[in-house]
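The values are calculated or read from the model by the stated rules, or taken from the named source; none is laboratory data. Model, not experiment: these values are computed from the prediction. Note: ideal-geometry Cβ built from the backbone for every residue, glycine included; neighbour counts use all protein chains shown.
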Amino acid sequence: MQSTADYLLRTESAVRLLFSGVDSYLNILKKATGVTFITSEPFCPKQDAEFAEWQLENSEQLAIAKAAEREFIAESFALDTLCGAILQVADKALELYGSNKSVPPHLSASLKPHHAKYCVGRSVRTIPLGLIVYAARNQHTHFNEDTLREPSASVFHLLATAYGYGGRQQIIDPAFDLANQRLVSFASNITSLIGWRTYEKYAADMRSMLGA
């Protein structure tokens with residue numbers, strides 16, 4: 001393959017299949033939506049009574065929702081596996097065809113010259129999209145290792161903290177917190193954050209990052 005366009009063309013059918021698989025897992029969650037308890041009562045015995053009645057009236061839908069949640073959790077790593085594969089394809093394209101030479105000043109301390117090719121694309125939580133792809137691919141591939149290397153660790157720190165909260169106390173977003181022991185791979189969370197839930201969105205970002 002001699003060009004970005006050729007790479008994207010030759011990987012298109014595979015990546016479309018990956019997004020189709022992602023959809024099949026996300027569709028499980030749709031069964032868990034549509035039932036919401038709403039009340040005007042404050043926390044009190046009257047609200048408790050209303051909630052108990054609501055549970056009885058919606059018992060069938062609630063059972064379906066709970067079953068869907070259990071099914072989704074059971075398949076969560078399978079979902080991450082597909083999302084990780086999408087990130088791998090994107091990362092390889094940036095590795096092969098990236099030509100950027102500059103790095104963001106706020107990340108320069110953790111970046112080496114060869115990381116510059118990943119510093120492209122729209123900014124998400126102050127980080128160039130390409131660098132997020134690089135870090136997320138690394139985390140997914142090396143999830144079994146105790147420590148994520150730089151600059152990937154710094155990228156995840158920003159993803160977990162640079163989301164616009166203006167309070168004095170720093171609150172860590174658990175969806176991107178490397179210390180969150182409940183998550184093995186962050187691939188699905190990352191692809192959701194950057195909006196990669198369709199092939200078209202992925203392809204548009206890849207063409208933009210690679211100038212294709």
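Some points to look at:
- Of the helices (runs of 4 or more DSSP H) contained entirely in region 114-212, those carrying at least 3 residues that are hydrophobic (A, V, I, L, M, F, W, C) and in contact with a Phe, Trp or Tyr (Cβ under 7 Å, 6 or more places away or on another chain) fall at 129-141, 152-161.
Conditions (1) among the aliphatic types (A, V, I, L, M); (2) more than 21 Å from LEU8 (Cβ to Cβ), marked per residue:
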| site | (1), (2) |
| --- | --- |
| LEU79 | yes, yes |
| GLY84 | no, no |
| THR126 | no, yes |
| ALA136 | yes, no |
| ARG149 | no, yes |
| PHE156 | no, yes |
| LEU159 | yes, yes |
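- Boolean, ARG137 is on the phi > 0 side of the Ramachandran plot, modelled with pLDDT of 90 or more and not β-branched (Val, Ile, Thr): no
- Matching residues, region 49-73, being in a helix (DSSP H, G or I) and either under 18 Å from the mean Cα position of the chain (by Cα) or of a type in the set (S, T, N, Q) (or both): GLN55, SER59, GLN61, PHE72, ILE73
- If you go through region 1-29 and keep only what is farther than 30 Å from LEU96 by Cα and in contact (Cβ under 8 Å) with a residue 12 or more places away in the chain, you end up with TYR25, LEU26, ILE28, LEU29.
- Test: residue in region 131-139 that is within 17 Å of SER110 (Cα to Cα), in contact with a helix residue (DSSP H, G or I) (Cβ under 6 Å, 6 or more places away or on another chain) and surrounded by fewer than 18 Cβ atoms within 10 Å (Cβ to Cβ): no
- Any hit, region 59-76, residues being out of contact with any His (no Cβ under 8 Å at 6 or more places or on another chain), touching a residue at least 60 places away in the same chain (Cβ under 8 Å) and not β-branched (Val, Ile, Thr): yes
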